[in-house]
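Here is the structure we will look at.
The values are calculated or read from the model by the stated rules, or taken from the named source; none is laboratory data. If you're wondering where the values come from, they're calculated on a predicted model, not measured in any experiment. Glycine gets a Cβ as well: all are built from the backbone with ideal geometry, and neighbour counts include every protein chain shown.
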Amino acid sequence: MSRRHFAVVKLANKGKTNKKTLPACRLPGGRIIKFAFTGLNRFDLWRGLLKIPMSNGKKRLKFMIEKARPYQQLAILYDTVMEHVNYKQWARYVLALIDKYGAGKQTVCDLACGTGSLLPYLAGRKRRVVGCDLSLSMLRRAKEKFSGQNVPLICADFRAVPLTESVCDAAVILYDSINYLHSGEEILNLFGEAARILKPGGVLVFDAVLPYVCREVFDGYEDVRFLSSDLGYRRQSWFDRQEGVQYNRFQIYANGQVFEELHRQRIWTLSEWREIIEKNRSLNLQAIHGDFTFRNVRPKSERAHFVLRKPGNSA
């Protein structure tokens with residue numbers, strides 16, 4: 001399958017059309033056009049292979065949609081997509097889990113820090129934070145936030161982190177980042193790496209969305225937002241119940257170009273999570289809480305919070 005496909009759109013008549021017209025936008029090469037449409041929602045322009053009826057011999061414009069890796073282009077809009085998240089509250093809850101089950105929190109490593117929005121709230125007067133993420137584009141955004149501050153940012157897979165052994169009091173993987181691992185073996189490798197960088201008594205805190213919320217909320221979910229005529233996104237989500245995979249397709253419109261990212265996340269049941277955790281020999285399960293509480297997780301919880309501890313006591 002080709003990495004490129006096209007949507008065909010129509011050039012508006014110069015000042016002679018009574019059709020609704022989107023704001024002008026600049027194409028690569030400097031050419032400025034306006035999109036016109038009849039009887040279509042403005043955001044239908046995002047649909048691949050969309051054909052708008054042509055009449056009176058008007059010209060056609062082939063609008064290329066480029067495929068991109070997850071977060072390669074979404075990074076520029078990620079903070080907008082996530083602006084509903086209360087990072088301060090999330091950090092407070094995570095630190096409370098570390099206090100309850102861990103042996104210390106002087107050094108905390110966020111192994112999937114993204115654009116770094118959580119890091120300031122994890123940091124403290126006597127607490128050092130380290131950010132790690134696989135996406136260089138996301139880390140570039142994080143670097144802009146911490147210009148002039150001593151916050152180490154590392155571009156790496158969280159299954160192979162370039163840190164020395166026993167260096168962290170706690171490691172966190174939040175907002176479903178662990179769901180990008182699609183096999184139990186990958187998760188076990190992650191647990192082994194977390195155990196390597198944790199001090200004795202250190203904890204790994206991670207969360208995962210559960211099948212219930214994917215079925216009830218994110219199967220058929222759609223979100224469209226434009227910040228300006230030159231910047232916006234469209235998100236379409238669906239849940240494959242047979243595969244247990246949540247799909248999120250993002251189409252990102254930026255500077256006259258359209259990029260498409262397809263995100264696939266494996267959604268494990270609670271019994272599957274327990275089975276995987278029981279197979280690991282590196283970390284001991286301390287708790288599985290639900291929905292930002294200290295209560296036990298339930299099948300209809302939207303989110304499960306896991307706490308695993310490395311055996312031993314910190315010196």
Original post:
Somewhere in the range 204-216, is a residue assigned to a helix (DSSP H, G or I) and loosely packed, with under 15 Cβ neighbours inside 10 Å?
Top reply: yes
Subject >> Condition broken by Arg249, with the remaining ones in (1) surrounded by 19 or more Cβ atoms within 10 Å (Cβ to Cβ); (2) within 20 Å of Asp176 (Cβ to Cβ) satisfied >> reply: (1)
Original post:
Based on what the data block shows, is Trp268 modelled with pLDDT of 95 or more, outside any strand (DSSP E or B) and more than 13 Å from Leu308 (Cα to Cα)?
Top reply: yes
Original post:
Applying the selection to the range 85-103, what residues are assigned to a loop (DSSP other than H, G, I, E, B) and surrounded by fewer than 19 Cβ atoms within 10 Å (Cβ to Cβ)?
Top reply: Val85, Asn86
Original post:
When the residues of the range 154-195 are filtered to those that are part of a loop (DSSP other than H, G, I, E, B) and under 14 Å from the mean Cα position of the chain (by Cα), which remaining residue is surrounded by the most Cβ atoms within 10 Å (Cβ to Cβ)?
Top reply: Leu174
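Can you confirm whether the range 277-287 contains a residue that is of a type in the set (Asp, Glu) and either in contact (Cβ under 8 Å) with a residue 12 or more places away in the chain or not assigned by TED's automatic domain parsing to the domain that holds Gly192 (or both)?
So far as the range 277-287 goes, no, none of its residues is of a type in the set (Asp, Glu) and either in contact (Cβ under 8 Å) with a residue 12 or more places away in the chain or not assigned by TED's automatic domain parsing to the domain that holds Gly192 (or both).
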Subject >> Criterion: of a type outside the set (Gly, Ala, Ser) and without any contact (Cβ under 8 Å) to a residue 60 or more places away in the chain - qualifying residue of Asp207, Asp169, Asp157, Asp176 >> reply: Asp157
Subject >> Number of the condition not met by Glu66 [criteria: (1) modelled with pLDDT of 95 or more; (2) closer than 23 Å to Leu139 by Cβ; (3) more than 18 Å from the chain's Cα centre (by Cα)] >> reply: (1)
Original post:
Would it be correct to say that Leu119 is assigned by TED's automatic domain parsing to the domain that holds Gly192, aliphatic (A, V, I, L, M) and under 30 Å from Val258 (Cα atoms)?
Top reply: no
Original post:
How many residues are closer than 21 Å to Phe218 by Cβ, in contact with a Pro (Cβ under 7 Å, 6 or more places away or on another chain) and surrounded by 15 or more Cβ atoms within 10 Å (Cβ to Cβ) when one looks only at the range 258-315?
Top reply: 4
